[in-house]
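Just below is one structure, and these are the notes that go with it.
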Protein chains: 4
Amino acid sequence: MSEPLTIGMLGYRFMGKAHSNALARLPMFFPDAPAVERHTLIGRDEDALADAADRFGFSHTATDWAAVIDEVDVFYNLGPNHLHAEPSIAALEAGTPVLCEKPLAPTLEAAEAMRDAAAAADVPAGCAFNYRFVPAIQYAKRLIESGDLGEIHHVRGRYLQDWLVDPDAEWAWRMDADLAGSGALGDLGAHTVDLVRFLVGEQAGDIERVSGHLQTFVDERPVYDDEGTVEEHRPVTVDDAYSAQAEFANGAVGTFEASRFATGHKNDHTIEIHGSEGGLKFSLERLNELEVLTGESRGYETVLVTDETDPYVDHWWPPGHVVGWEHTFVHENFEFLSAVDAGEEFSPSFDEAYRVQEVLDAIERSDDRGAWVDVA
Amino acid sequence: MSEPLTIGMLGYRFMGKAHSNALARLPMFFPDAPAVERHTLIGRDEDALADAADRFGFSHTATDWAAVIDEVDVFYNLGPNHLHAEPSIAALEAGTPVLCEKPLAPTLEAAEAMRDAAAAADVPAGCAFNYRFVPAIQYAKRLIESGDLGEIHHVRGRYLQDWLVDPDAEWAWRMDADLAGSGALGDLGAHTVDLVRFLVGEQAGDIERVSGHLQTFVDERPVYDDEGTVEEHRPVTVDDAYSAQAEFANGAVGTFEASRFATGHKNDHTIEIHGSEGGLKFSLERLNELEVLTGESRGYETVLVTDETDPYVDHWWPPGHVVGWEHTFVHENFEFLSAVDAGEEFSPSFDEAYRVQEVLDAIERSDDRGAWVDVA
Amino acid sequence: MSEPLTIGMLGYRFMGKAHSNALARLPMFFPDAPAVERHTLIGRDEDALADAADRFGFSHTATDWAAVIDEVDVFYNLGPNHLHAEPSIAALEAGTPVLCEKPLAPTLEAAEAMRDAAAAADVPAGCAFNYRFVPAIQYAKRLIESGDLGEIHHVRGRYLQDWLVDPDAEWAWRMDADLAGSGALGDLGAHTVDLVRFLVGEQAGDIERVSGHLQTFVDERPVYDDEGTVEEHRPVTVDDAYSAQAEFANGAVGTFEASRFATGHKNDHTIEIHGSEGGLKFSLERLNELEVLTGESRGYETVLVTDETDPYVDHWWPPGHVVGWEHTFVHENFEFLSAVDAGEEFSPSFDEAYRVQEVLDAIERSDDRGAWVDVA
Amino acid sequence: MSEPLTIGMLGYRFMGKAHSNALARLPMFFPDAPAVERHTLIGRDEDALADAADRFGFSHTATDWAAVIDEVDVFYNLGPNHLHAEPSIAALEAGTPVLCEKPLAPTLEAAEAMRDAAAAADVPAGCAFNYRFVPAIQYAKRLIESGDLGEIHHVRGRYLQDWLVDPDAEWAWRMDADLAGSGALGDLGAHTVDLVRFLVGEQAGDIERVSGHLQTFVDERPVYDDEGTVEEHRPVTVDDAYSAQAEFANGAVGTFEASRFATGHKNDHTIEIHGSEGGLKFSLERLNELEVLTGESRGYETVLVTDETDPYVDHWWPPGHVVGWEHTFVHENFEFLSAVDAGEEFSPSFDEAYRVQEVLDAIERSDDRGAWVDVA
């Protein structure tokens, strides 16, 4: 047995926890996955970092990513968006495989630099679009690839949350254009565009043209001190919601939307596709299910995608024993680390994530110009 | 008791049947409705017309609408779209109240002429947007008016059908630009825009700007002879599907869509609204229900809008005894005929229908130009 | 054209309205139905009766059913349960066809007498189990008959209402054992047992044994005067809810339940059937839909039973234009009057309704004895 | 920091995997949980056992449970039902806390002995009814305890699977009365009865009387050799499905059912409760949701039970990030090990599990006698 792959991980909050958990669970459920060692956790706040390292099972910590990237076998970049480019590029230049959280970068320029760095490296550079790894999404992909939906006519994607509908909700880095790039568009829309490209990219072709609309409902947000008193207000410089229309190469019509103001929706990412022979519908809040219309069926059938023959399911539990959101990270890490171990490509790659970024950028350009724009 | 109002009705197919049925049912369920006499049914094919008149309870038939419009008390214009303007205007000029099917006209110019004729007349001129008269929609209107949804942020409307997804489906007048004006946009989108204006028009204000997209997936369609052999192919000169983004006066974000290619959907008109305090969702295929989020609720509540206190319901059956699509016509005819009898305004008026047409026209203009356009 | 069939109708409240409406609608939608004349409406309160006759389109009224039954061509018995037997039997003895509301009678003895009277007559005697005539139920019947569900293993039926959950809800004849026979069992359970027998009677055979449970949660109810003051309390001598287990001839397992205390349910009659090859689910509150599992499907498919090829639908509207509760009465009246006109059998007959009553009676006997009992 | 609790675990298949995973996940998500060491895995097949120990993170294996029970700090009994009593009792007699899988035992006698052993021990003896630890179920419990549902009138529980609907499905120990006790009743019904007692036990009181029905649809099943050829047929001596009616101390009506023949259902455990003030509905296949009717609501509200304030959720992910079936085991193990560590009671205890067994036994007795029987 070979040495375990050592992991350096930048970021120890939400995504740090999600990926650490995934790494911890691989041996029991994916015995074929390469062995890994959670080696160094990277962050700025040493106390919080030490605490997280202890909890997440890392043996070392570091406050300087530059010192880590060539000391580990794999680099996970889970920091905020404005920290995606520099460390990822440096790691790739050091020959270290990178898994970077989405969206790839806050700007198309930064994303381009990352894509070029990945092209120049001969190690995998992956972008962590985890929703590709929902069993029901992989099952949907199989259906589409096998032609069960026929020619694709309609693609609909929307991602609804409501955590900002209260104007007193606190300011955060995700609301700052310099730190985040964009708002709902980059945070949520990136997932939608990636899933859509993944699912119908081969059948419907590229998204060629878009018309976009970004809206900010609340222009500034409070920052609270420890007693809950408002210390100051900071400007919201990103979108609270976006919508877009899209035209695919084959003429299919796309409509996309995301919001942080969609009252009553917590994490509701839905994808609907209509083809000449069938259709399907997916909702992240019911991620074990896929609604499917194919063949001679008259209505949509609710498929519980938990059978042994369903993607990844044989690794887990018997039929009907549902999995959760976090399982997508286990599957994603399995695929990424297997690619690293085998020296193969990982998909979604930086190049694919760049293509997503092109669409997001086109939506922003369209919003600026008040006109349809070409994506590339 | 006064004399019954005599009705002259142009059109004896789908809409003729729906309105005749509504007229026939009023006495039993809406005893306060003015009495009517189904007097003259108007059409071109004398045999089919005689048969329909017999079935629909009309005592006379006529092939020339011009000879009827000043002989009856009320004129129903249920003909194809290109026949909306001339007879309706002539009737109004003769002082005869008009109920005209939607969309008001195939072109904005024709709609404008109709609106002006209505303004010059002092009798009601109504456009038959029947979905306003679904009890659940009226109930939704009450909730919005009472402020239960707060400030409106998102409005989503889509109308999905699939009757054209088969490329061998027969050509019909609805696919011809001269006869129908537009396709899914005018036929289905008109309903969506009217409902949206009805529901949130006061809270969100007018739709000020739109970006539109029209798509035709199948460019020509067969015409079959009686044996089912293809006689010829005729061009499809309208849209099979449209999508649109909209901005309301208050900044609310709208997304609209309709298709005749949405596999597995028969008559699925859905409206979703998110406000700062709540939200609601409606689907025409489950028209007795409204999903509602208000107050302290955590999730959407499925309200069966069939209680005695619900709009129109006390006229029908006890709680839980659901009504159907056709009941919307009974309610609509009750309101229209009551307005005629009382000499009052009827809403939706030609003016309101013109405002809908402005939005549809703006969507078409936007599609032509590839740019956002102002509605008015 | 022959003379219209004259109808004498006993009862002018809820069911009187439902059947009168059905009769009124037949000519427009079922042109093949025999012509009828709403002739005599029968009741006790002359003022209310006159008013109802006017509204329901009857030309005569009468306070003595005995004087009517041999003067009309068809007798509709829509009175309270304790008035089902005597007038129906008298009518049949006079050679007048009878359509009687359900349940057939308050006691098995009365039902037996009615069945025998029907057997001795050579005119149709029908029991108005209207839910058989829901298009989705007829469609379900087709599926089961064609073998699509295979061998039947499970049948589940429940009928949930909540109009008595408030202990201050007013006393009514439906809560009195002498007038109504039983409570939820006879009023709601009769529908369930009839539907189940209709749907699986041929495949699963008869219900051979049952175990029943009746429960009354509130023992007495107020009677209010016109000012809403409680005048007196009257005892509730019927069940508020029942449950039952059943064994079919083929070994299939049945579970039935009904309640007037099922908070949040208005008129929720659900039927679920599992066979070796498939399954189906129906809910009366969404009566245009049927959930179906057959063949290679993995999950239940939601079929909107509104296509032209679906039972009765071609008489109404295009696909996706949903019908309501009342349409079941139109279909039922069409079938019954067609049978009268043709001198043929009508199903459900008094004999079938008696068989339902046997099951209800067995449930009551089982509850009394605390033991399983044989149905016949 | 104290020494970790050493775990000895009997059983290394489905339940062994579920509990091992739970133990492995505690440190990252429940830092307050006592530390544990997966010490000895116990089974008969040494090769399979070694492989499982490696995968599940156990450092030792043993083939004789008797040699382990007093060498470890905690004993997990996850073996088949007929192995529940002897090792669990021996462990308790040795002063070792026990967590035993459900149902407690194949017979009431064995369950009684286990209950008595637990009463005599002063260490926790828990039965692993994991569905109590679904966040939505704990949330439901809170609602009921706070009186939001009022007086309980109806309780409905059913557990539907379909893995035996194919008569060629292979024989397994779960189909043998000696090894399993009963079939669907003990395997699935035990969960239902425990959940029902947990949720409404205080409000509705004990289940006092039941009427039960057990049915076996397929009397024998094939055993296949490695090539898939039928070697022999073995008799099925347990029920494929059961149904039951129940009466609670307060008069509430219960109906229970489970089946392994419910086509199209994989692991569909539903609980529905109606009270005088509200109601709720739960389905295991959508375990992150609870349908709730309370207060002034008109219809059931779909609550996504994933907020920070919901039970256990703050240990996991942000709102809307759903958990899976396996998380119930993490919660259960957290509670059990915390109780062990603190020397406190754990619920569900052997005594509570015995009370469940009493109900199951009464259902069997009722089925034998064809009569209602008292539970205790």
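The values are calculated or read from the model by the stated rules, or taken from the named source; none is laboratory data. All values reported here derive from a predicted model rather than from experimental measurement. Heads up, the Cβs are rebuilt from the backbone with ideal geometry, glycines too, and the neighbour counts pull from every protein chain shown.
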Report summary line: The residue that is nearest to the chain's Cα centre (by Cα), considering only those in the stretch C:63-98 that are surrounded by fewer than 20 Cβ atoms within 10 Å (Cβ to Cβ) and not in a helix (DSSP H, G or I), is C:PRO80
**Report entry** Pair list, Cβ < 9 Å and 6+ apart or interchain, from the stretch A:61-72 residues that are within 13 Å of A:ARG44 (Cα to Cα) to residues that are surrounded by fewer than 15 Cβ atoms within 10 Å (Cβ to Cβ) and acidic (Asp, Glu)
**Finding:** A:THR61/A:GLU46; A:THR63/A:ASP45; A:THR63/A:GLU46
Query - Residue in the stretch B:254-269 that is under 20 Å from the mean Cα position of the chain (by Cα) and without any contact (Cβ under 8 Å) to a residue 60 or more places away in the chain present - result: no
Requested in this report: Go through D:ARG260, D:ARG221 for me and flag whichever is of a type outside the set (Asp, Glu), within 14 Å of chain A (Cβ to nearest Cβ) and closer than 19 Å to D:ASP176 by Cα.
Outcome: D:ARG260
Report task. Identify all residues within the stretch C:125-144 that are of a type outside the set (Phe, Trp, Tyr), touching a helix residue (DSSP H, G or I) at 6+ places or on another chain (Cβ under 7 Å) and in a helix (DSSP H, G or I); write none if there are none. Result -> C:ASN130, C:ARG132, C:PRO135, C:ILE137, C:ALA140, C:LYS141, C:ILE144
Query raised in the report: How many residues does the stretch D:297-306 contain that are crowded, with 23+ Cβ neighbours inside 10 Å, part of a loop (DSSP other than H, G, I, E, B) and either within 13 Å of chain A (Cβ to nearest Cβ) or modelled with pLDDT under 95 (or both)?
Result: 2
Requested in this report: Could you tell me whether D:LEU280 is within 14 Å of chain A (Cβ to nearest Cβ), crowded, with 23+ Cβ neighbours inside 10 Å and in a strand (DSSP E or B)?
Outcome: no
Report task. Mind counting the residues in the stretch C:308-337 that are touching a residue at least 40 places away in the same chain (Cβ under 8 Å), part of a loop (DSSP other than H, G, I, E, B) and away from chain B (no Cβ under 11 Å)? Result -> 3
Requested in this report: Would you mind stating whether B:LEU199 is touching a residue at least 60 places away in the same chain (Cβ under 8 Å), hydrophobic (A, V, I, L, M, F, W, C) and within 30 Å of B:GLY324 (Cα to Cα)?
Outcome: yes
Query raised in the report: So which residues in the stretch C:264-277 are crowded, with 24+ Cβ neighbours inside 10 Å and within 14 Å of chain B (Cβ to nearest Cβ), if there are any at all?
Result: C:GLY264, C:HIS265
Query raised in the report: Only one of these conditions is not met by A:LEU179: (1) modelled with pLDDT of 95 or more; (2) assigned to a helix (DSSP H, G or I). Which number is it?
Result: (1)
Report task. Only residues that are more than 23 Å from C:ILE89 (Cβ to Cβ) and surrounded by fewer than 19 Cβ atoms within 10 Å (Cβ to Cβ): list them for the stretch C:1-23, please. Result -> C:MET1, C:SER2, C:GLU3, C:PRO4, C:PHE14
Query - Output for the stretch D:35-44, where each listed residue is within 14 Å of chain A (Cβ to nearest Cβ) and assigned to a strand (DSSP E or B) - result: D:ARG38, D:LEU41
Query raised in the report: So which residues in the stretch D:182-192 are away from chain C (no Cβ under 12 Å) and either part of a helix (DSSP H, G or I) or free of Cβ contacts under 8 Å to residues at least 40 places away in the same chain (or both)?
Result: D:LEU185, D:GLY186, D:ASP187, D:LEU188, D:GLY189, D:ALA190, D:HIS191, D:THR192
**Report entry** Of all residues in the stretch D:223-246 being surrounded by 22 or more Cβ atoms within 10 Å (Cβ to Cβ) and not hydrophobic (A, V, I, L, M, F, W, C), the one that is nearest to C:GLN215 (Cα to Cα)
**Finding:** D:GLN245
Report task. Would you confirm whether any residue within the stretch B:81-94 is modelled with pLDDT under 95 and either in contact with a helix residue (DSSP H, G or I) (Cβ under 8 Å, 6 or more places away or on another chain) or assigned by TED's automatic domain parsing to the domain that holds B:THR192 (or both)? Result -> yes
**Report entry** Residues (hydroxyl-bearing (Ser, Thr, Tyr) and either under 15 Å from D:THR192 (Cα atoms) or out of contact with any Gly (no Cβ under 8 Å at 6 or more places or on another chain) (or both)) located in the stretch D:224-282
**Finding:** D:TYR224, D:THR229, D:THR237, D:TYR242, D:SER243, D:THR255, D:SER259, D:THR270
Query raised in the report: Which of the residues spanning the stretch B:1-34 are more than 24 Å from the chain's Cα centre (by Cα) and in a loop (DSSP other than H, G, I, E, B)?
Result: B:MET1, B:SER2, B:GLU3, B:PRO4, B:PRO31, B:ASP32
Report task. Confirm whether A:SER366 is in contact with a strand residue (DSSP E or B) (Cβ under 9 Å, 6 or more places away or on another chain), under 28 Å from A:PHE256 (Cα atoms), assigned to a helix (DSSP H, G or I) and polar (S, T, N, Q). Result -> yes
Report task. Kindly establish whether C:THR309 is buried (at least 20 other Cβ atoms within 10 Å of the Cβ), of a type outside the set (A, V, I, L, M, F, W, C) and not assigned by TED's automatic domain parsing to the domain that holds C:PHE30. Result -> no
Report summary line: By residue number, the members of the stretch D:273-287 that are of a type outside the set (Ser, Thr, Tyr), touching a strand residue (DSSP E or B) at 6+ places or on another chain (Cβ under 6 Å) and over 16 Å from C:ALA262 (Cα atoms) are D:LEU284, D:GLU285
Query raised in the report: Does at least one position in the stretch A:168-175 carry a residue that is in a strand (DSSP E or B) and on the phi < 0 side of the Ramachandran plot?
Result: no
Requested in this report: Any residue in the stretch A:150-171 that's within 12 Å of chain B (Cβ to nearest Cβ) and closer than 20 Å to B:ALA244 by Cβ: show its pairings with residues that are of a type in the set (A, V, I, L, M, F, W, C) and part of a loop (DSSP other than H, G, I, E, B) at Cβ separation under 7 Å, as long as the two are six or more apart or on different chains.
Outcome: A:HIS153/A:ALA252; A:HIS153/B:PHE217; A:HIS153/B:PHE261; A:HIS154/A:ALA252; A:HIS154/B:PHE261; A:HIS154/B:ALA262; A:VAL155/A:ALA252; A:LEU160/A:ALA262
Report summary line: Exception for D:GLU86 within (1) free of Cβ contacts under 8 Å to residues at least 24 places away in the same chain; (2) within 30 Å of D:GLU247 (Cα to Cα) falls at (2)
Query raised in the report: Has the stretch A:357-374 got at least one residue that is crowded, with 22+ Cβ neighbours inside 10 Å, of a type in the set (Asp, Glu) and within 11 Å of chain D (Cβ to nearest Cβ)?
Result: no
Report summary line: If we keep only residues of the stretch D:283-296 that are within 9 Å of chain A (Cβ to nearest Cβ) and crowded, with 21+ Cβ neighbours inside 10 Å, then the residue farthest from C:HIS274 (Cα to Cα) is D:ASN288
Query raised in the report: Out of B:ASP47, B:ASP54, B:ASP32, which single residue is surrounded by fewer than 19 Cβ atoms within 10 Å (Cβ to Cβ), out of contact with any helix residue (DSSP H, G or I) (no Cβ under 7 Å at 6 or more places or on another chain) and either away from chain C (no Cβ under 14 Å) or of a type in the set (Lys, Arg) (or both)?
Result: B:ASP47
